[in-house]
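One structure below.
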Amino acid sequence: MEILAFGVQADEKPLIERAFAPHHPVRTLDVFLNTDTAPIAAGHEIISTSVNCDLGADVLSGLAAGGTRMVAQRSTGFNNVDLDVAARLGITVARVSSYSPYSVAEFAWTLAMAVNRRIVRASTRTRDFDFRLDGLMGRDLHGRTAGILGTGKIGEAFARIAHGFGMRLLGWDAAENPACRELGLTYVPKEELLAESDLVSLHVPLLPETRHLIDATALKSMRDDAILVNSSRGGLVDTAALVDELRAGRFTGVGLDVYEAEAGLFFLDKSLEAVDDDTLARLVTFPNVLVTSHQAYYTADAVTQIVSTTLDNVLDYIAGRRSGNVLVPRS
Ligand SMILES: NC(=O)c1ccc[n+]([C@@H]2O[C@H](COP(=O)([O-])OP(=O)(O)OC[C@H]3O[C@@H](n4cnc5c(N)ncnc54)[C@H](O)[C@@H]3O)[C@@H](O)[C@H]2O)c1
């Protein structure tokens, strides 16, 4: 049975082909699944998808009509999948519920330090033989406060690094993590965390109740000199409200690996096209903002684990086994 994988990056392709080869033929496509590309899946019982694939009602209906019965999503987050519609259509959906949390936590720290210490501007200057320090002043993080919204696997890994920097740790989560408490993290209401933190990092999933968790009110309650990092999902932040605050000259730095309208942009080369997203266009003009293209997970270690678990999910489906990665059918 041929498995069809959508949204495959060039570096990921050989890893997928090597893992699946002993089991099932796999065809990889660099295009993302959406209403235009869904017909390619016709005749494929099992497909695999990535974060910016559209698995909304229309696409799922098209997949079901073409004979698709299983979707193996190659990510932890599944906010791109309409699980109710998948359940109604009898499509099994599995995800990769965990892989190296260090990949994302270390990248969140990369963004935090890059904006704090003005690394991008410094690099641009030295390439131009401009060796002045004006405008490159950062701040020690030792002794300052890190506020972590979401203290699950990635939030905990982020907290361990913050602990290594000698930071005071504040956390907010629906469920407390004892390992974070052992690091000395104190759970506080979101409002208190935002008001007190020098560095705010987001690690909750995108759900209806977490959409625009960082809205205009939340942004206004943050310190003027705070650093904000979002390496979770773009929809957690009201980007238009963030642009308003940045325009007012607020925040030491903002590092965004995700953006709420990233689908159709991130992972693609748009360099020769006219950008029609004015919010993103404005965002990247601020000297204290660093935007990356959803690459936090993109380490050889994490991608190898993602591919291996995706293969396991496919083999479990074929064998009729149920694992903790299955989202639909619900247990
Ligand atoms: N940028 C990337 O490349 C990348 C890669 C992997 C994951 N992610 C994102 O990181 C997120 C976190 O991943 P994880 O592995 O740490 O997940 P996790 O499930 O281990 O942790 C999520 C935490 O959020 C908390 N939470 C969930 N809903 C909440 C709510 N409504 N209010 C308060 N807390 C809530 C949970 O209790 C949990 O502690 C994922 O959902 C995904 O969106 C991004």
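The values are calculated or read from the model by the stated rules, or taken from the named source; none is laboratory data. The model shown is predicted, which means the values in this text are computed figures rather than measured ones. We place every Cβ from the backbone using ideal geometry, glycine too, and count neighbours over all the protein chains shown.
Listed values, structure above:
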item	result
Residues (more than 12 Å from the ligand (Cβ to nearest atom), more than 15 Å from Ala157 (Cβ to Cβ) and either assigned to a loop (DSSP other than H, G, I, E, B) or touching a helix residue (DSSP H, G or I) at 6+ places or on another chain (Cβ under 8 Å) (or both)) located in segment 182-198	Gly184, Val188, Glu191, Leu194, Ala195, Ser197, Asp198
Within segment 111-123, tally of residues that are free of Cβ contacts under 8 Å to residues at least 60 places away in the same chain and part of a helix (DSSP H, G or I)	4
So Gly152, is it within 16 Å of the ligand (Cβ to nearest atom), in contact (Cβ under 8 Å) with a residue 40 or more places away in the chain, touching a helix residue (DSSP H, G or I) at 6+ places or on another chain (Cβ under 9 Å) and outside the structural domain of Arg74 (by TED's automatic domain parsing)	yes
Residue satisfying all of: in segment 220-235; surrounded by 24 or more Cβ atoms within 10 Å (Cβ to Cβ) and not charged (D, E, K, R); farthest from the ligand (Cβ to nearest atom) among these	Ile227
Test: residue in segment 206-217 that is touching a Gly at 6+ places or on another chain (Cβ under 6 Å) and either hydrophobic (A, V, I, L, M, F, W, C) or within 12 Å of the ligand (Cβ to nearest atom) (or both)	yes
Val71 within 11 Å of the ligand (Cβ to nearest atom), buried (at least 22 other Cβ atoms within 10 Å of the Cβ) and over 30 Å from Gly135 (Cα atoms)	no
Index of the failed condition, Ala179 passing every other in (1) in contact (Cβ under 8 Å) with a residue 24 or more places away in the chain; (2) within 16 Å of the ligand (Cβ to nearest atom)	(1)
Close pairs (8 angstrom Cβ cut-off, 6 or more residues apart or separate chains): assigned to a loop (DSSP other than H, G, I, E, B) in segment 91-103, of a type in the set (Asp, Glu) anywhere	Ser100/Asp301
